[in-house]
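Visitor: Have a look at this one before I ask anything.
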Amino acid sequence: MASALHSIFSSLKHFVIALSLLSLFTPCLCIRANRRLDDGYSSGDSDWIDAVATWYGNPYGYGTDGCACGYADAVGKAPFSSMITSVGPSLYKEGRGCGACYQVRCSSHSLCSGSPVTVIVADECPGCTENEFHFDMSGTAFGLMSRSFSADQFRNLGRISVQYKRIPCNYKDTNINFKVDSGSNSYYLAVVVLYEGGDGDISLLEVMAQPGSGIWAPMLPSWGAVWKYQADAAMPGPFSFRITTGKKKILIVENAIPAGWSPGQTYASSKNF
């Protein structure tokens, strides 16, 4: 009996020693600080990218309402609330970058707060080069990167080195809106999608032009964030839409635009990402 116990303890001893030696050559499973969120966006501090920021328009305004994305005067109203930016071609992406949300922070000057501000792409920066990440921000958004009570002095700098990163858009209690272009008619539909949460951008927009048909017709990019569809038959509505984002997430919004729709009107849906 004693001999058997001695044999068992001896085997356990050798097993423990073997595990200890193995641990010396096995990499540890560490928790990385730069964790990846479920939606594909990083929360790590090392993911900030160097860029340049300027501002345009009124010092306390929203840049311009003639924006290249087609959001018009919505940029100055909630939930955009003037927190918009124009970007260079590398982020504008011929309009496919419209609606994307970014955090921009400044720490390169004594007037910088170091705290990030969140901006939405609503315009294209005409003077920016393709090789430079450039945010031409509204006066409101640019000023909020400054230290307290220094916004005017900070805006006088004109141009500042910043860092940015892509983040999910969050419009809280606001659902997706569809604005019908003023040039639309019974055979031609053009729309702008507003307040899209999550990715914010759109890679494909499809419309069910004939209710109950089950047919999703791809719309074509018109300009900026405007998508268009030409029909062979009259389209009285209602219209349902299938949105595919840049990260290939899909959302179906049924009866988003009602029957009896009117050009120039904006219709709020009951859904968002």
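Visitor: Do the conditions hold for ASN185, that is, is it farther than 17 Å from THR266 by Cβ and free of Cβ contacts under 8 Å to residues at least 60 places away in the same chain?
Guide: Spelling it out, it is not the case that ASN185 is farther than 17 Å from THR266 by Cβ and free of Cβ contacts under 8 Å to residues at least 60 places away in the same chain.
Visitor: Moving to a separate point now. Looking at the stretch 164-179, is at least one residue of a type in the set (Ser, Thr, Tyr), touching a Ser or Thr at 6+ places or on another chain (Cβ under 9 Å) and surrounded by fewer than 22 Cβ atoms within 10 Å (Cβ to Cβ)?
Guide: no
Visitor: Follow-up. Going through the stretch 219-273 one residue at a time, which ones are surrounded by fewer than 14 Cβ atoms within 10 Å (Cβ to Cβ), aliphatic (A, V, I, L, M) and assigned to a loop (DSSP other than H, G, I, E, B)?
Guide: Scanning the stretch 219-273 gives ALA233, ALA234, ALA259.
Visitor: A follow-up question, please. Search the stretch 138-153 for residues that are on the phi > 0 side of the Ramachandran plot and pair each with any residue that is not in a helix (DSSP H, G or I) when their beta-carbon atoms are under 9 Å apart and the residues are at least 6 apart or on different chains.
Guide: Pairs that qualify, where the first residue is on the phi > 0 side of the Ramachandran plot and the partner is not in a helix (DSSP H, G or I): there are none.
Visitor: Could you tell me whether the stretch 206-218 includes any residue that is at pLDDT 95 or above, buried (at least 21 other Cβ atoms within 10 Å of the Cβ) and either assigned by TED's automatic domain parsing to the domain that holds ALA141 or part of a strand (DSSP E or B) (or both)?
Guide: For the stretch 206-218, residues at pLDDT 95 or above, buried (at least 21 other Cβ atoms within 10 Å of the Cβ) and either assigned by TED's automatic domain parsing to the domain that holds ALA141 or part of a strand (DSSP E or B) (or both): present.
Visitor: Something else: If only one of GLY57, GLY44, GLY40, GLY66 is at pLDDT below 95, surrounded by 18 or more Cβ atoms within 10 Å (Cβ to Cβ) and of a type outside the set (Val, Ile, Thr), which one is it?
Guide: GLY57
Visitor: Then there's this: Going through the stretch 194-205 one residue at a time, which ones are surrounded by 19 or more Cβ atoms within 10 Å (Cβ to Cβ) and either touching a Ser or Thr at 6+ places or on another chain (Cβ under 7 Å) or of a type in the set (A, V, I, L, M, F, W, C) (or both)?
Guide: Once the filter is applied, which keeps residues that are surrounded by 19 or more Cβ atoms within 10 Å (Cβ to Cβ) and either touching a Ser or Thr at 6+ places or on another chain (Cβ under 7 Å) or of a type in the set (A, V, I, L, M, F, W, C) (or both), the stretch 194-205 yields LEU194, TYR195, GLY198, ASP199, ASP201, ILE202, LEU205.
Visitor: Out of the stretch 97-114, which residues are surrounded by fewer than 18 Cβ atoms within 10 Å (Cβ to Cβ) and either more than 21 Å from THR129 (Cα to Cα) or in contact with an Asp or Glu (Cβ under 8 Å, 6 or more places away or on another chain) (or both)?
Guide: Of everything in the stretch 97-114, those that are surrounded by fewer than 18 Cβ atoms within 10 Å (Cβ to Cβ) and either more than 21 Å from THR129 (Cα to Cα) or in contact with an Asp or Glu (Cβ under 8 Å, 6 or more places away or on another chain) (or both) turn out to be SER107, SER108, HIS109, SER110, LEU111, SER113, GLY114.
Visitor: Still on this model: Select from the stretch 143-173 the residues that are within 16 Å of the chain's Cα centre (by Cα) and aliphatic (A, V, I, L, M) and list them in ascending order.
Guide: Passing the criteria: only ILE167.
Visitor: Condition first: of a type outside the set (A, V, I, L, M, F, W, C) and either in the same structural domain as MET219 (by TED's automatic domain parsing) or crowded, with 21+ Cβ neighbours inside 10 Å (or both). Now tell me which residues in the stretch 83-96 satisfy that.
Guide: Within the stretch 83-96, THR85, SER86, GLY88, TYR92, GLY95 qualify.
The values are calculated or read from the model by the stated rules, or taken from the named source; none is laboratory data. Keep in mind that what you see is a predicted model, and the values were worked out from it rather than measured. When we count neighbours, we look across all protein chains shown, and the Cβ atoms used for this are built from the backbone with ideal geometry, even at glycine.
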